[in-house]
1. Within the set of pairs 6 or more residues apart or between chains, which connect a residue that is among the hydroxyl-bearing types (Ser, Thr, Tyr) inside the stretch 136-160 to a residue that is in a strand (DSSP E or B) with Cβ atoms less than 8 Å apart?
2. Taking only the stretch 112-131 into account, find how many residues are open to solvent by 40 Å² or more (accessible area, probe 1.4 Å) and either among the aliphatic types (A, V, I, L, M) or more than 19 Å from His95 (Cβ to Cβ) (or both).
3. Report every pair of residues separated by at least 6 positions or lying on different chains whose Cβ atoms are under 8 Å apart, first residue within the stretch 41-64 and within 21 Å of Ala149 (Cβ to Cβ), second part of a helix (DSSP H, G or I) and open to solvent by less than 60 Å² (accessible area, probe 1.4 Å).
4. Does Val140 fit the bill of being open to solvent by 40 Å² or more (accessible area, probe 1.4 Å), of a type in the set (A, V, I, L, M, F, W, C) and in contact with a Phe, Trp or Tyr (Cβ under 9 Å, 6 or more places away or on another chain)?
5. Checking the condition touching a strand residue (DSSP E or B) at 6+ places or on another chain (Cβ under 6 Å) and aliphatic (A, V, I, L, M), which residue from Ala157, Ala132, Ala117 passes?
6. Tally up the residues in the stretch 14-66 that are assigned to a loop (DSSP other than H, G, I, E, B), β-branched (Val, Ile, Thr) and open to solvent by less than 60 Å² (accessible area, probe 1.4 Å), please.
7. Looking only at residues that are part of a helix (DSSP H, G or I) and open to solvent by 40 Å² or more (accessible area, probe 1.4 Å) in the stretch 144-159, which one is nearest to Gln97 (Cα to Cα)?
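The values are calculated or read from the model by the stated rules, or taken from the named source; none is laboratory data. What you see is a predicted model, and the numbers here were worked out from it, not measured in a lab. We place every Cβ from the backbone using ideal geometry, glycine too, and count neighbours over all the protein chains shown. Ligands, DNA and RNA are stripped out before the accessible areas are found, and what is left, the full protein with its side chains, is counted by its heavy atoms. Shrake-Rupley method; radii C 1.70, N 1.55, O 1.52, S 1.80 Å.
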Amino acid sequence: MPQGLAELIGRADSTGRAPPPVEKWDPPFCGDLDMRIASDGSWHYLGSPIGRAPLVRLFGSILRKDEDGRYYLVTPVEKVGITVEDAPFLAVELHAQGKRDTQLITFRTNVGDVVVADADHPFRFATDPDNAGLKPYVLVRGRLEALLARPLLYQLADLFEEHDRGEGPETGVWSGGRFFALPPECLSPKT
């Protein structure tokens, strides 16, 4: 394992345990909780930031996004709704190794998840409505995504290249044997 990747995994501060099987649990809905995940990835309860990283990691491990598009903290016995301003997680570190179709891009999130962008963990690219900038996301687990922190956007942009799948060149990035193309609306100059 490359040293940089080993260090990224070490900084994840993971217990080595898989997240709980929240997708399999079907507890009753117990109402909404005054908990919010801000667009910068910080967690807040009753309007105050949650400063204890282990507590945030615990909440992150029982977070689920249901088909209704809402976010819930789920245990085997209860389900409570929370507010998520953008993505529930923030990708805070990136490690790339290899080139083109052998390239692997690994991310560490603010809650300790480590994920390689691939067919099961695809990229999604959107345009920020406030400034028309690029917003890259990677699927972490279930329906939960991580927004790439701004410094990671610049690292990812250094990995962009053109690739032609027979319908003209596309700009995007390789990871896990898959090419993730930027949608045309993300490439068009905004006026």
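1. Sorted first by the residue in the stretch 136-160, then by its partner, the pairs are Tyr137/Phe123; Tyr137/Arg124; Tyr137/Phe125; Tyr137/Ala126; Tyr137/Glu145; Tyr137/Ala146; Tyr137/Leu147; Tyr137/Leu148.
2. Of the residues in that region, 8 qualify.
3. Partner pairs satisfying both residue conditions: Trp43/Val56; Trp43/Phe59; Ile50/Val56; Ile50/Phe59; Leu63/Val22.
4. Numbers: open to solvent by 40 Å² or more (accessible area, probe 1.4 Å): no; of a type in the set (A, V, I, L, M, F, W, C): yes; in contact with a Phe, Trp or Tyr (Cβ under 9 Å, 6 or more places away or on another chain): yes.
Considered against the rule, which asks whether it is open to solvent by 40 Å² or more (accessible area, probe 1.4 Å), of a type in the set (A, V, I, L, M, F, W, C) and in contact with a Phe, Trp or Tyr (Cβ under 9 Å, 6 or more places away or on another chain), Val140 comes out as no.
5. Residue meeting the stated conditions: Ala117.
6. Residues in the stretch 14-66 being assigned to a loop (DSSP other than H, G, I, E, B), β-branched (Val, Ile, Thr) and open to solvent by less than 60 Å² (accessible area, probe 1.4 Å): 2 in total.
7. Gln155
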